[in-house]
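Colleague: Here you go, one structure.
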């Protein structure tokens, strides 16, 4: 009887593990598709004459809130001044 419970527990655990793995695999596939779509948009923008490095930087900055952006810019300005770059 105890062996039946152990076997059932192992079967359930294996089933849960398989479900997690399959969900992750599906999401990884979706992530790849989305990454390919983003790459295509950058290529299109570049073909139109836009600077994709600048676009990536703008997107990175837009993810931050205003205070975080200002703090990063202040530190960058300080470092540039220290190195005589301004």
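Bear in mind that the values in this text are calculations on the coordinates, not laboratory data. Since the model is a prediction, treat every value here as computed from it, not as a measurement. Every residue, glycine as well, gets a Cβ built from its backbone with ideal geometry; the counts of neighbours run over all protein chains shown.
Colleague: If each of residue 86 and residue 56 carries a label point 7 Å out from its Cα toward its Cβ, how far apart are those two points in nm?
Modeller: Placing both labels 7 Å beyond Cα along the Cβ direction yields 2.6 nm.
Colleague: Still on this structure, please answer the following. Helix 52-62 sits at what angle to the longest principal axis of the chain, using alpha carbons and giving 0 to 90 degrees rounded to 10?
Modeller: Relative to the chain, helix 52-62 is tipped by roughly 70 degrees.
Colleague: Right, here's the next one. Which percent of Cα-Cα pairs in the range 1-50 sits in each 5 Å bin, short to long?
Modeller: 5, 18, 10, 12, 9, 8, 9, 6, 7, 5, 4, 3, 2, 1, 0
Colleague: Moving on. Rounding to the nearest 10 and keeping the result within 0 to 90°, find how far the Cα-based axis of helix 66-82 lies from the longest principal axis of the chain.
Modeller: Computed tilt is about 50 degrees.
Colleague: What FRET efficiency comes out for residue 41 versus residue 18 if R0 is 25 angstrom and r is the Cβ-Cβ distance? Round to the nearest 0.05.
Modeller: E between residue 41 and residue 18, to the nearest 0.05, is 0.10.
Colleague: Hey, another quick one. Which angle between 0 and 90 degrees, to the nearest 10, do you get for helix 2-48 versus the longest principal axis of the chain when only C-alpha atoms count?
Modeller: Relative to the chain, helix 2-48 is tipped by roughly 30 degrees.
Colleague: To continue, here is another question. In nm, give the distance between the simple-model label positions of residue 29 and residue 76, each being 7 Å from the Cα along the Cα-to-Cβ direction.
Modeller: It works out to 3.9 nm between the two label points.
Colleague: Let me ask something else about it. Let me have the 222 nm mean residue ellipticity of the chain computed from DSSP H runs of 4+ only, each contributing -39500 (n - 2.57), with the sum over all residues rounded to the nearest 500. Before the final figure, lay out the partial values.
Modeller: Working: 3 runs with 75 residues, N = 86.
Result for the chain: -31000 deg cm²/dmol, rounded to the nearest 500.
Colleague: What percent of all Cα-Cα pairs in the chain falls into each 10 Å bin, going from 0 up to the bin containing the maximum distance?
Modeller: Histogram of Cα-Cα distances, whole percents per bin: 14, 19, 20, 18, 13, 10, 5, 1.
Colleague: Compute for the range 41-86: radius of gyration divided by Kirkwood radius, i.e. Rg/Rh, restricted to C-alpha atoms, rounded to two decimals.
Modeller: Values: Rg = 14.1 Å, Rh = 12.3 Å.
Here Rg/Rh amounts to 1.14.
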